[in-house]
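Below: the structure, in structure tokens.
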Amino acid sequence: MSITVDIDNGGTFTDGYIARGDDIRAVKVDTTPHDLTVCFMNCLEEGAKQFGYESVRDLLRETEVIRFSTTAGTNAIIQRRGPRLGLIVSSGHEDDLYNGGKETVRGDLVPAEMVLGLEEGAPEDTVRSTVRRLLNGGARVIVISLKNSFTDASEERRMKRLVQQDYPKQYLGAVPLLLASEVTARPGADLRTNAAVINAFLHKEMVKTLYKADEDLRAAGYARPLLIAHVNGGAARVAKTKAIDTYNSGPVAGLMGTAYMARQYGLSNVVSIDIGGTSTDVGVIVDGQYTYDPRPSVGGLPVNLPFIDVPSVGGGGGSIARVGPVTKELTVGPDSAGAVPGPACYDLGGMEPTATDADVVLGYIDPNYFLGGRRRLNRDKAVAAIGEQVGEQLGIGVEEAAQRVRERIVKIGADAVRDVLAAKDQRPGQFVLFAFGGAGGSYCGEIGAQLGVKQVYTFAHSAVFSAMGLSTADVVHSYEQAVRRPLSQAAEPVNTALSGFQKAALRDMRGEGFAADDVSLSVELEVSDRTTTRVVSLSDAGIQDAAAVAQAFGGAAGELQVEIVRLKAIGRVPHQAPVAHSAAGEDPSAARKGSRAIYRDGRWQETAIFERSLLQSGNVVVGPAVVEAVDSTYVVPSGFTFTVDQYLNGIITANA
């Protein structure tokens, strides 16, 4: 029986969702920020152990597909940790980078002295000397972004060919030369330059991580290509992955899982909240569809690459709690203790109090059952950190201090959901809440209560939900070109572009291992009436009837302009469907582990504790209660119930 492996690399933990038929194992290991391929392989080793294989090689021998999402790019851009870049732009734009004096990547990701200008059509000797200046200045990656390359990339390509001729690979060594036209074909020279520079800034780290992971798999006997998660909701092999494609791919995988489970439940409007160790990510499904951000920001810099919209805020289990020395205001996050040294209770040298420490102090987390007992937590360290750095600063006891930290995390989550929905003209009452991530179960009941949502869904694999969502990804290649023609004149350029796209798509998908008959193609136009831009779907034959396109848009053919044509090629790969279970009755007593004192409502109270893995379909846990799993904790507030459904997911609902 073949195995599918999906690994999501987060800031604190690296999660695995490994399926062999209906047998699914959730894996959670510490992220190793010094080398992300270490935690990648550790995840496989832990999975092999859980399935009873003697080695990773034995596991890989039966594995059909491995998909991987990584935070390498996200972390690099947040920390501004990247190579020294050189940037060539059109002459006259060395200072403003086509942005009219507004904030740019100049002086941020690219040192000001490493931005040089060239005239289009510049003599070969001038191109050579410009590149030589950048190399002598220490450039480890060079970017060329000319003003009009979105309409004609031939000049960028000419410069690249010249450099490659004069500086053979063995001389240029590990100094890649990247083109803006290879990153995006969209108009807007300033945003295109941002995207190209960000891609270059992430390039070295991604190459190091992804190619090494691929090589490690081959050394362990895995012959198929490693598939890398992309922010467009698909995946592709390493050689077809641009660094910027991977940015925020883990949170996007969580939203993919949300969309998949929403379809299983027949839900049209879902808001998701993913609370991990480092951050809280919010996603929205409206009328069964993802929402896209056409001009997202990457590390605070706007780009013109549409991303699936999953905004992130600081606030996770590892988020550090601090009290302002003057204001005496309590803040939690955005900085995190990470996996190393981690929260104070990890007893690995971390001294600062975190949200996890607060839950240990309050009794929500059993120090002897963290990660199913694989890691023992030090409650005394948590009490000392919360008491000294929060309680004493606020003049309150340690339990009340821990409760305030917890309340702050709940408020961060609830405010984030409200803000994201408000930006889309939506209200929480129209949605159900999906909660996941390692810390999602602890806070989601209270977050849902603050939002006024009717139901909060938690999942049997909540702690590795993004890895589960990644398991729904197919291989996707996307091709697009700027058109910028009136609809009445767009048929020829659109259809010509599609002809080239189809040839490239079938060639690229052949490299992924798909025959032409196994590839499905979809075509979209971005059409504008000068005030609104909408996406109109076409057949792969392109524009055959302008009036039909106008009707699909909702305007008259003479008023519309085609901005972008896009083709997506999709190759289906194995997915794991949820398994339905027969109802076993409402009584959860077989899963009850006992009780323990938990601090809530201003006092210590004995609270029922249940083992998540022993709850069966149909069981109903009445709050207040705590449901413990090996990789997460679910808090059922007073006045709520936790009902296990046919997929063994837990639905938290307010009592009638």
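The values are calculated or read from the model by the stated rules, or taken from the named source; none is laboratory data. Remember, predicted model here, so these are calculated numbers, not experimental data. We place every Cβ from the backbone using ideal geometry, glycine too, and count neighbours over all the protein chains shown.
Quick one: how many residues across region 365-384 are part of a helix (DSSP H, G or I) and more than 17 Å from residue 30 (Cβ to Cβ)?
Looking only at that region, the number is 6.
Only residues that are within 18 Å of residue 254 (Cα to Cα), of a type outside the set (Gly, Ala, Ser) and assigned to a loop (DSSP other than H, G, I, E, B): list them for region 297-330, please.
Scanning region 297-330 gives 306, 309, 310, 311.
Can you say whether residue 415 is outside any helix (DSSP H, G or I) and among the acidic types (Asp, Glu), as far as the supplied structure shows?
No, not satisfied.
Here's a check for you: in region 106-149, which residue that is outside any loop (DSSP other than H, G, I, E, B) and among the small types (Gly, Ala, Ser) is surrounded by the fewest Cβ atoms within 10 Å (Cβ to Cβ)? Walk me through how you get there before you give the answer.
To start, the set of residues in region 106-149 that are outside any loop (DSSP other than H, G, I, E, B) comprises 106, 110, 112-118, 124-136, 141-145.
Those still in the list that are among the small types (Gly, Ala, Ser) too: 112, 117, 129, 145.
On the way: 112: 10, 117: 16, 129: 12, 145: 28.
Ranking the qualifying residues of region 106-149, first place goes to 112.
Could you tell me whether residue 567 is assigned to a strand (DSSP E or B) and touching a Lys or Arg at 6+ places or on another chain (Cβ under 9 Å)?
No.
Return the only residue of 324, 283, 277 being farther than 30 Å from residue 524 by Cβ and either surrounded by 21 or more Cβ atoms within 10 Å (Cβ to Cβ) or β-branched (Val, Ile, Thr) (or both).
Being farther than 30 Å from residue 524 by Cβ and either surrounded by 21 or more Cβ atoms within 10 Å (Cβ to Cβ) or β-branched (Val, Ile, Thr) (or both) holds for just one of 324, 283, 277, which is 277.
Can you spot a residue in region 38-55 that is buried (at least 21 other Cβ atoms within 10 Å of the Cβ) and not in a helix (DSSP H, G or I)?
Checked against the condition, which is being buried (at least 21 other Cβ atoms within 10 Å of the Cβ) and not in a helix (DSSP H, G or I), region 38-55 yields no hits at all.
How many residues does region 443-471 contain that are surrounded by fewer than 20 Cβ atoms within 10 Å (Cβ to Cβ) and part of a loop (DSSP other than H, G, I, E, B)?
The first filter runs over region 443-471 and keeps only residues surrounded by fewer than 20 Cβ atoms within 10 Å (Cβ to Cβ), leaving 449-450, 452, 454-455.
This time we only want the ones that are part of a loop (DSSP other than H, G, I, E, B), so: 452, 454.
The number of residues fulfilling the criteria is 2.
Just for region 68-91: of the residues that are within 30 Å of residue 4 (Cα to Cα) and of a type in the set (A, V, I, L, M, F, W, C), which one is farthest from the chain's Cα centre (by Cα)?
Only one residue fits best here, namely 76.
Hey, residue 342 hits all of (1) buried (at least 20 other Cβ atoms within 10 Å of the Cβ); (2) in a helix (DSSP H, G or I) but one; which does it fall short on?
Unmet for residue 342, out of (1) buried (at least 20 other Cβ atoms within 10 Å of the Cβ); (2) in a helix (DSSP H, G or I): (2).
Name the residues in region 570-599 that are surrounded by 13 or more Cβ atoms within 10 Å (Cβ to Cβ), farther than 30 Å from residue 520 by Cβ and either touching a residue at least 60 places away in the same chain (Cβ under 8 Å) or touching a Phe, Trp or Tyr at 6+ places or on another chain (Cβ under 7 Å) (or both), would you? Break it down into steps so the answer makes sense when it comes.
At the first step, the residues of region 570-599 found to be surrounded by 13 or more Cβ atoms within 10 Å (Cβ to Cβ) are 570-571, 573, 575-576, 578-579, 581, 584, 586, 588, 590-593, 595-596, 598-599.
Restricting the remaining residues to those that are farther than 30 Å from residue 520 by Cβ gives 581, 584, 586, 588, 590-593, 595-596, 598-599.
581, 588, 591, 592, 593, 596, 598, 599, listed by residue number.
Quick test of your reading of the structure: residue 269 fulfils all but one of (1) crowded, with 24+ Cβ neighbours inside 10 Å; (2) modelled with pLDDT of 95 or more. Name the failing condition by number.
(1)
So, residue 193, is that one of a type in the set (Ser, Thr, Tyr), part of a helix (DSSP H, G or I) and closer than 29 Å to residue 96 by Cβ or not? Please lay out each step first, then the result.
Details: of a type in the set (Ser, Thr, Tyr): yes; part of a helix (DSSP H, G or I): yes; closer than 29 Å to residue 96 by Cβ: yes.
Yes.
Kindly provide the set of residues from region 599-656 that are farther than 23 Å from residue 264 by Cβ and among the charged types (D, E, K, R), ordered by number.
Once the filter is applied, which keeps residues that are farther than 23 Å from residue 264 by Cβ and among the charged types (D, E, K, R), region 599-656 yields 600, 601, 603, 606, 611, 628.
Of all residues in region 394-427, count the ones that are under 18 Å from residue 441 (Cβ atoms) and within 21 Å of the chain's Cα centre (by Cα).
6
Among the residues of region 292-321, which ones are buried (at least 18 other Cβ atoms within 10 Å of the Cβ), on the phi > 0 side of the Ramachandran plot and either free of Cβ contacts under 8 Å to residues at least 12 places away in the same chain or of a type in the set (Ser, Thr, Tyr) (or both)?
Matches in region 292-321: none.
Could you tell me whether residue 599 is among the aromatic types (Phe, Trp, Tyr), under 21 Å from residue 24 (Cα atoms) and not assigned by TED's automatic domain parsing to the domain that holds residue 524?
When the stated conditions are applied, residue 599 does not pass them.
Only residues that are closer than 22 Å to residue 370 by Cα and either free of Cβ contacts under 8 Å to residues at least 24 places away in the same chain or assigned to a loop (DSSP other than H, G, I, E, B) (or both): list them for region 1-37, please.
First pass over region 1-37, keeping only residues closer than 22 Å to residue 370 by Cα: 7-18, 24-33.
Matches in region 1-37: 10, 11, 12, 29, 31, 32, 33.
Which of the residues spanning region 81-105 are out of contact with any helix residue (DSSP H, G or I) (no Cβ under 6 Å at 6 or more places or on another chain), at pLDDT 90 or above and part of a loop (DSSP other than H, G, I, E, B)?
84, 91, 92, 93, 94, 95, 96
Rundown of residues vs (1) buried (at least 23 other Cβ atoms within 10 Å of the Cβ); (2) in contact with a helix residue (DSSP H, G or I) (Cβ under 8 Å, 6 or more places away or on another chain), yes/no style:
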| residue | (1), (2) |
| --- | --- |
| 437 | yes, yes |
| 487 | yes, yes |
| 520 | no, no |
| 542 | no, yes |
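Is it the case, given these coordinates, that residue 630 is surrounded by fewer than 21 Cβ atoms within 10 Å (Cβ to Cβ) and within 17 Å of residue 436 (Cβ to Cβ)? Steps first, please.
Working: surrounded by fewer than 21 Cβ atoms within 10 Å (Cβ to Cβ): yes; within 17 Å of residue 436 (Cβ to Cβ): yes.
Yes; evaluated as a whole, the condition is true for this residue.
What number of residues within region 252-284 satisfy the criterion of being of a type outside the set (A, V, I, L, M, F, W, C) and either under 20 Å from residue 337 (Cβ atoms) or not in a helix (DSSP H, G or I) (or both)?
The number of residues fulfilling the criteria is 12.
Name the residue that is modelled with the lowest pLDDT, counting only residues in region 479-536 that are of a type in the set (Lys, Arg) and not in a strand (DSSP E or B).
530
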